[in-house]
Amino acid sequence: MTKIKFATVWLAGCSGCHMSFLDLDEWLLELANYVDVVYSPVGCDLKEYPEGVDICLVEGGVANEDNLELIRKVRARTKTLVSFGDCAVTANVPAMRNILKGADPVLQRGYIELADLKPQLPHEPGIVPELLDKVLPVHEVVPVDIFMPGCPPDAPRIKATIEPLLRGEKPKMEGREMIKFG
Ligand code: SF4
C-alpha cells in the first residue's frame, strides 16, 4: 500500500494545536499505518519541507518572514492544506499585536518600554526573523482547502477531519463539534 505523505507545520502559534494532535494517543498508531510523516515539529527532524506532500495541517498565523517563506513553500508542495486551529484560521492570539499597527511599535513596546533590564531591540540580522507589520491568517496568504477551528481543536475533531482525508474524501466541517471556535 502506498502511504499518504503527511505533514504538520508550526507557524506563529503556541504549539497547543500540536499538543492536541498528540492527544490522539493510540489512534496515532493506527494513523501510522496509513501515512508517512514527512515533515513535522513532532517526531520528524527534516529541515526542508519536501515536494509532493498529500496532507498538511498548518498551526499558527503568519507573523514573520520565516512564516511567510515556509507557508508559500508548503502551499506549492501540498495537495490538501488544512488551517489547523484558530490561530491559522483567524490569526487569533498572535494577531493581538496588530492593534499596535506595525512591527516597529511592537518591538518598541516589547523590548524597550516593557524591559526591566537593558532595553534593546533584537539585532543580529539573519538570526531573528523580521516581523511582518500585521499577523495574518493562513488563507490571507495562500489558498486553504479545509478550515479546522478550535483553540485548540480537540482530538476527536482532529480525527474526524483527518479520517475522511485518508479515504480521499473531504471532511464535513459543520456543526458545533467540528467548527466551534475557541
Ligand atoms: S489556536 Fe490556540 S492552541 Fe492553537 S496555536 Fe493558537 S493559541 Fe495555541
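The values are calculated or read from the model by the stated rules, or taken from the named source; none is laboratory data. These numbers come from a predicted model, not from an experiment. Note: ideal-geometry Cβ built from the backbone for every residue, glycine included; neighbour counts use all protein chains shown. Side chains are part of the model used for accessible areas, which takes the heavy atoms of the whole protein and leaves out ligands, DNA and RNA. Shrake-Rupley method; radii C 1.70, N 1.55, O 1.52, S 1.80 Å.
Overview of values
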{"item": "C-alpha center-to-center spacing [the range 139-182, the range 29-84] in angstrom", "result": "15"}
{"item": "Solvent-accessible area, 1.4 Å probe, carbon plus sulfur percent, for the chain", "result": "55"}
{"item": "Antiparallel bridge percentage (DSSP; both residues within the range 3-102; nearest 5)", "result": "5"}
{"item": "Mean separation of Cα contacts under 8 Å (6+ apart) over length of the range 17-121, as relative contact order %", "result": "20"}
{"item": "J(HN,Hα) series, the range 173-182, from Karplus relation 6.51 cos²θ - 1.76 cosθ + 1.60, nearest Hz, glycine and proline x", "result": "8, 8, x, 4, 5, 10, 10, 5, 7, x"}
{"item": "Estimated distance in nm for a label pair at Asp154 and Lys79, the labels positioned 7 Å out from Cα along Cα-to-Cβ", "result": "3.1"}
{"item": "Segment Val128-Asp23, extension gain: residue separation times 0.36 nm, minus the distance between their alpha carbons", "result": "34.7 nm"}
{"item": "For Val142, residues with placed amide H under 5 Å, excluding near neighbours", "result": "none"}
{"item": "³J(HN,Hα) computed for each position of the range 74-83 - Karplus, 6.51 cos²θ - 1.76 cosθ + 1.60, integer Hz, glycine/proline x", "result": "4, 4, 5, 10, 10, 6, 10, 9, 10, 6"}
{"item": "Loop trypsin sites (Lys or Arg not before Pro), the range 112-169 (other Cβ atoms within 10 Å of the site Cβ: 14 or fewer; DSSP)", "result": "Arg167"}
{"item": "Volume of the Cα convex hull of the range 92-182, divided per residue and given in Å³", "result": "159"}
{"item": "Long-range HN-HN contacts of Thr80 with modeled amide H, under 5 Å", "result": "Ile55, Cys56"}
{"item": "Relative contact order (percent, whole number), the chain, Cα cutoff 8 Å, 6+ residue spacing", "result": "25"}
{"item": "Amide N proximity, the range 43-58 versus Arg72 label position 7 Å along Cα-to-Cβ, cut-off under 16 Å", "result": "49"}
{"item": "Cut-off under 5 Å, modelled amide H: who pairs with Asp133 long-range", "result": "Ala103"}
{"item": "Linear extension gain, Arg176 paired with Glu30, 0.36 nm per residue minus alpha-carbon span", "result": "50.0 nm"}
{"item": "Table column - 3J(HN,Hα) (Hz), the range 55-71, Karplus curve with 6.51, -1.76, 1.60, x for Gly and Pro", "result": "9, 9, 8, 10, 8, x, x, 9, 10, 8, 4, 5, 4, 4, 4, 5, 5"}
{"item": "Distance histogram for the range 49-143 (every C-alpha pair counted, 10 angstrom bins, percent rounded to whole numbers)", "result": "16, 40, 29, 12, 3"}
{"item": "Links that overshoot a 32 Å alpha carbon limit, given the list Lys47/Lys159; Lys101/Lys172; Lys3/Lys172; Lys5/Lys101; Lys101/Lys180; Lys3/Lys134", "result": "Lys101/Lys172; Lys5/Lys101; Lys3/Lys134"}
{"item": "Packing-based order for 112-118, 56-62, using average beta carbon neighbours within 10 Å, highest first", "result": "56-62, 112-118"}
{"item": "Residue-normalised accessible area of the chain, given per residue in Å² at a 1.4 Å probe", "result": "57"}
